[in-house]
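K.L.:
I'd like to ask some things about the structure below.
FYI, it's all coordinate maths here, none of it is from the lab. Just so it is clear, the structure is predicted and the values come from calculations on it, not from any experiment. Virtual Cβ from ideal backbone geometry, glycine too; neighbours counted across all protein chains shown.
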Amino acid sequence: MSQAATHEQIPPRDKVAASPPAFFSCRNLHAYYGESYIVQGVSFDIREGQILALLGRNGAGKTSTLRTIARTGSPELKQGEIWLDHKAIHSMRSHEAACNGIALVPEDRRIIPGLTVEENLQLAQIAEPVGWSIERIYDLFPRLGERRAQEGITLSGGEQQMLAIGRALARDLKLLLLDEPYEGLAPVIVQEIEKTLQEVRELGITTIIVEQNAIAALKLADRALILDMGEVVYEGAAQDVLDNKDIREEYLAV
Ligand SMILES: Nc1ncnc2c1ncn2[C@@H]1O[C@H](COP(=O)(O)OP(=O)(O)OP(=O)(O)O)[C@@H](O)[C@H]1O
Ligand SMILES: [Mg+2]
């Protein structure tokens with residue numbers, strides 16, 4: 001490992017001292033697409049191993065918040081701090097954030113065309129630090145193992161979602177960001193992915209799940225955070241949102 005890489009993984013002393021006690025923490029995030037002010041002062045914490053359901057209506061800023069955390073550069077983070085396991089993610093670019101354990105599984109899944117299932121997984125392991133072995137990923141998703149030689153983009157929607165999650169596990173993962181993992185999938189496939197995410201949950205991977213299917217996300221999650229117009233309007237236990245029809249009607253329309 002180069003000296004520069006080592007240095008980047010160790011934030012300056014004062015930043016270590018200032019890092020919050022939570023495993024993952026966002027502090028007052030403000031992010032813009034050009035002049036468009038979208039993420040407007042979002043703050044929240046997640047404990048290690050917890051799953052947070054990030055909810056809100058269309059256009060509330062859920063995807064933008066995930067993209068801000070993954071340091072994609074669009075939207076651009078102009079103010080605020082992001083801490084993961086005492087690392088200052090806010091001062092990193094996307095590849096550094098990825099090397100420090102942040103994995104974004106975007107809505108469109110980004111399976112690489114022209115590569116087989118196995119090559120998609122191998123590509124994820126091309127740089128250190130790697131996570132699960134490919135065989136272990138096939139144990140979790142036997143369907144991927146059966147189709148290891150098939151071109152990734154020819155998989156069904158559900159299988160592509162498994163491959164996208166598998167690719168995240170192939171890296172040394174500390175925070176999994178799932179953007180609408182059930183999007184476009186038939187109910188029977190949603191059940192299958194739900195089962196998989198339950199297994200991922202048992203592994204204790206700290207996760208943020210964004211879902212239009214709020215009930216499904218809340219059933220999986222420990223905590224719930226609701227966004228509206230780029231601001232946090234509710235934070236609490238996932239079970240409380242499931243139990244509270246008023247909150248669901250006001251912010252989620254479910
Ligand atoms: N690349 C972009 N350039 C400018 N504005 C954008 C861009 N992407 C998203 N926006 C705007 O930012 C706001 C939040 O969008 P975002 O995609 O984060 O919402 P969302 O909560 O994920 O919605 P959905 O549930 O529909 O996926 C919207 O008003 C959207 O139009
Ligand atoms: Mg979105």
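K.L.:
On a straight-distance basis, which lysines could pair with Lys195 in a cross-link, Cα separation under 19 angstrom, same-chain partners fewer than 8 positions away excluded?
P.N.:
Filter leaves Lys219.
K.L.:
Express in whole angstrom the spacing between the alpha-carbon centres of segment 67-110 and segment 227-249.
P.N.:
25 Å
K.L.:
For a quick check: with amide H placed at 1.01 Å from N, whose amide H comes under 5 Å from Gly41's, ignoring anything fewer than 5 positions away on the same chain?
P.N.:
Residues meeting the amide H criterion: Leu29, His30, Ala31.
K.L.:
Subtracting the Cα-Cα distance from 0.36 nm times the residue separation, let me have the gained length for Tyr37 to Thr116 in nm, one decimal. Display every interim value, and only then the final one.
P.N.:
Details: separation 79, 0.36 × 79 = 28.44 nm, distance 3.95 nm.
Fully extending the segment from Tyr37 to Thr116 adds 24.5 nm.
K.L.:
Hey, can you grab everything whose amide H is under 5 Å from the amide H of Tyr234? Only 5+ residues off in sequence or another chain; H modelled, so Pro and N-termini drop out.
P.N.:
Ile226
K.L.:
Using a cut-off of 16 Å between alpha-carbon atoms, which lysines can reach Lys174, once sequence neighbours fewer than 8 places away in the same chain are excluded?
P.N.:
Reachable lysines: Lys87.
K.L.:
Right, another one. Roughly how big is segment 50-122's charge dipole about its Cα centre, with Cβ charges of +1 (Lys, Arg) and -1 (Asp, Glu), in debye to the nearest 20?
P.N.:
Dipole about the Cα centre, nearest 20: 300 debye.
K.L.:
On each of the three principal axes of the Cα atoms of the chain, give max minus min coordinate, whole Å, ordered largest first.
P.N.:
Largest to smallest, the principal-axis extents are 52, 45, 35 Å.
K.L.:
Now for a different question. Which residue fluctuates most in the GNM of the chain (Cα springs below 10 Å): Glu35, Glu194, Glu183?
P.N.:
Evaluated over the chain, the most mobile residue of the options is Glu35.
K.L.:
Sticking with this structure for a sec: Using the 10 angstrom Cβ neighbour count as an exposure proxy, how do Lys245, Lys87 rank, fewest first?
P.N.:
Working: Lys245 10, Lys87 24.
If I rank by nearby Cβ atoms, fewest first, I get Lys245, Lys87.
K.L.:
Once the other residues with Cβ under 13 Å from the Cβ of Glu183 are scored (Lys, Arg +1; Asp, Glu -1), what is the net sum? Let's see the in-between values first.
P.N.:
Values: positive: Lys62, Arg109; negative: Glu107, Asp108, Asp179, Glu180, Glu211.
So the surrounding residues net to -3.
K.L.:
Still on this structure, I have one more. Out of Thr154, Pro106, Ile126, whose Cα points farthest toward the positive end of the dipole of segment 84-209 (charges: +1 Lys, Arg; -1 Asp, Glu; placed on Cβ)?
P.N.:
Among Thr154, Pro106, Ile126, the one farthest towards the positive end of the dipole of segment 84-209 is Ile126.
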